[in-house]
Each structure stands twice: as structure tokens, then as C-alpha cells.
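In what follows, a single structure is set out as C-alpha cells and then discussed.
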Amino acid sequence: MRKLINAFFLAAGLLFTANIANAQQKLAHLNSANIIEAMPEVKTARTTLENLQKGKQTEIEKMIAEYQGKLKAAQELEKTMSEANKEAVGKDLQAKSVELQDLEKRITDARTKAQQELEAKNAELFNPIQVKADNAIKAVAKEKGYAYVFDTANQALIYWDGGEDITALVRTKLGLGAATTTAPKK
């Protein structure tokens, strides 16, 4: 019986100590989207991506125009078909059909390649921005002694009671101006 009582007090003491340790941990929250949007690198990256996208779109539109022109020519040729020239026009139409199918495949391949290039460029441009913001967040959290920092931008936190919003501190760490932030509803 005495061992049971000692075990109970030992367990209660450990639980009490753990609760005290947890109560001393500092919590903070921030809005990473607000921080990243304020970084000048984001505007440059977006402009680069938009220019790349416009260039790819122009290339694809030229291919589509070529396709439409060849399709129209094939349709016009088909209108000239008669019993007398059926064989010659038929061969020309078959050749144009193969050419149109090839061009259609090239357009599809160009769209796929353009999408892949845009995704790769997006990662190339935005990954360093994300890393820079993450490093600033970690530095501020470490400097201020926060055990946990929640990001309200991605709705990872639905409710909080207290904690300090360190968005402005991270923006300052990155050399960005302070901005007004709107906290999510609790």
C-alpha cells in the first residue's frame, strides 16, 4: 500500500512539473503571406514568371494560327475535289491530315513543356524567397525565446488566446516596412 501511495505522489509530481514547464513556453503567431508579399523579390519573381508565361503563350498561339491556316487550306482543297481529280486531291488531303495531326501533337507537347518550365521557374524563383522568410522567422523566434510560432496565413491555427503577433518583427528582420495586419477571427 505504501508503494502505491509513493508511486501516486511521484506520478502527480511529474505531471505537475510537466505542466509548469509547458506553462512557461512562449507562444507567438504571424502571417507569413503578409511577410512574403512585402518582400521585393516577390514582385521581381512574379514579373519574370509573367514574362516567361507570355512568351510561351505567344509561341503556342503562333502554332495554333499555323494549324488553323493549314486546316482552312485543307478544307478549301477538299471543296475542289471532283471525280476527275479525286485521286490526286485525296493524296494531298491525306498528306495535309498527317501534317495537321503532327502539328496538333506539337501544340500539345508545347503546352505540356511550357507548363513544366513555368512550374520549374516558379520553384527556382520562390523557393529562395520562402527559405529567406523561414530563416527570418526562426531568427526572430530564437531571439525572442518563443517555443512555438503559429502561422495564421495557412489557417493552421483556428483559435488562440494570447501569444504575440511577430509579423512586424519578421518584416523588420527582412528590412521591410511595418504594415497593418488583420488577425484572423478567433
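When the range 43-100 is filtered for residues that are touching a Phe, Trp or Tyr at 6+ places or on another chain (Cβ under 8 Å) and without any contact (Cβ under 8 Å) to a residue 60 or more places away in the chain, only L100 remains.
With respect to (1) surrounded by 15 or more Cβ atoms within 10 Å (Cβ to Cβ); (2) within 25 Å of E59 (Cα to Cα), the lone exception for K105 is condition (1).
Filtering L77, L14 for residues that are over 28 Å from E117 (Cβ atoms), open to solvent by 90 Å² or more (accessible area, probe 1.4 Å) and either assigned to a helix (DSSP H, G or I) or at pLDDT below 85 (or both) leaves a single hit, L14. Of all residues in the range 134-146, none are outside any helix (DSSP H, G or I), at pLDDT below 85 and under 30 Å from L30 (Cβ atoms).
The values are calculated or read from the model by the stated rules, or taken from the named source; none is laboratory data. These numbers were taken from a predicted model, which means no experiment stands behind them. Don't worry about glycine lacking a Cβ; one is built from the backbone with ideal geometry, like all the others, and counts go over all protein chains shown. Keep in mind that these areas ignore ligands, DNA and RNA; they rest on the heavy atoms of the full protein, side chains included. Shrake-Rupley method; radii C 1.70, N 1.55, O 1.52, S 1.80 Å.
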